[in-house]
Amino acid sequence: MRSLSVELKLIFVVVAVCVAGSLVAARIAGEIFEKNVEEAALATLQGAAHAFAAQERSDVEKLGATLDALLANDELRAAFLARDRERLLAAAAPLFATMKDRDRITHWYFIEPGPAPTVFLRVHRPALHGDVVGRTTLRIAMETRELGAGKELGKTAFALRAVRPWFHGGKLLGYMELAEEIDHFLAAMKIHTGDEYGLLVKKKFLDEKAWASVLGPRSNTWNDRPDVVVVDTTTFTEGIIDFDGDVESIPDAGLALGEIERGERAYVRGMFPIRDAAGRKVGALFVLHDFTRQHAAVGAARLQALLALLTVAGACAAVIAVAVQRLLFVRLARLRRELEAHADEAMLPQGRIVQLRSEDEIGRLEALFRRVLHPSRARDEPPRDAPATGSGR
């Protein structure tokens, strides 16, 4: 069976190399596309952390402005100076009801000054007073004599607190504190971005008994995870808060958790550390961002890149094949014809042949060269009707 010509072999090699190169290039391009889109998605996830911080700053400003207005209230100041708890409550209760309905303010404290400051009145829980306050926000207000604000964990959830010293006539009267639960943060962020959010807190910062009493036995999620608990979420979609690591090890820049697909939708997940007013990493904010459109765009871009590269590879292979045929094989054919003509003119014995090393063009050309250059090394050609042997005899 006659072997393939060198020309066809070269064409096959060129085509195979071009196609393989195209496939590798398409894969690399696809990975680059995917990486760029994932980086863009991570930027979107980081935007969620910025949105959370912006929401916190906005609410701190609201609490601070409200405190300023309350500290200027003469009726509240007179009742506090007189240490008349019932009079103070009567003056504060209507204001607190308005703030609770309008501004989501859920806690209001009047705090006695001193090395161990104590609660003089909780407007939201008047029966409970006289306990020492050791919160970080109060300590900041005491040390700086300015507004102390930040997120602090209670027994079951976060509260955003703002504390301001209460001065009158240059004298420190005490401290006033306002606080709000932050459960509305995630809902507000979802309305703004369309993303889903979840807030995790390490169990060591919470009270298990208080948690169980708030949620009840049917909704108690304390044992769902070994060291953290979900304190708030905008969705119960499976996978949004799947994380086995330590939230205290999450970098400040956030951590991308990759993609997940659910039906025809694709999502990218990420998480960011949540710090309390003392700067401790006490939890994490999870973000689930709908990535479907970008995911589909990456798939389409990969297919388009592959088709484009295969087209280019085919064109390159064709150009190379034409170039090799004209620059090499046309000249080899011409050289062979000239050598055959020379052999005929030199009247080399026709009954003598040179053994072929291969059946392609190069092998036949090599045999022709040896026949012309070394006619004495040619062997007898066996009769056409005689079978050929390994010795040639």
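What the table below lists for this structure:
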item	result
Any hit, region 176-195, residues being more than 37 Å from the chain's Cα centre (by Cα) and over 20 Å from Ala53 (Cβ atoms)	yes
Subset tally (residues that are under 45 Å from the mean Cα position of the chain (by Cα) and within 16 Å of Arg164 (Cβ to Cβ)) for region 120-141	9
Residues being in contact with a Ser or Thr (Cβ under 9 Å, 6 or more places away or on another chain) and closer than 11 Å to Glu177 by Cα - total across region 89-122	2
Counted residues, region 205-226 - those being open to solvent by 50 Å² or more (accessible area, probe 1.4 Å), modelled with pLDDT of 70 or more and either in a loop (DSSP other than H, G, I, E, B) or under 19 Å from Ala159 (Cα atoms) (or both)	6
Those residues of region 236-266 which are part of a loop (DSSP other than H, G, I, E, B), modelled with pLDDT of 75 or more and surrounded by 13 or more Cβ atoms within 10 Å (Cβ to Cβ), in sequence order	Ile250, Gly254
Tally of residues being among the small types (Gly, Ala, Ser), outside any helix (DSSP H, G or I) and touching a residue at least 40 places away in the same chain (Cβ under 8 Å) across region 155-187	5
Some residue of region 270-277 being in a loop (DSSP other than H, G, I, E, B), of a type in the set (Val, Ile, Thr) and modelled with pLDDT of 80 or more	no
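The values are calculated or read from the model by the stated rules, or taken from the named source; none is laboratory data. In this text the structure is predicted, and so the values were computed from the model without any measurement. Reconstructed Cβ throughout: ideal geometry from the backbone, glycine too, with neighbour counts over all protein chains shown. Quick note on the areas: whole protein, heavy atoms, side chains included, nothing else; ligands and nucleic acids left out. Shrake-Rupley method; radii C 1.70, N 1.55, O 1.52, S 1.80 Å.
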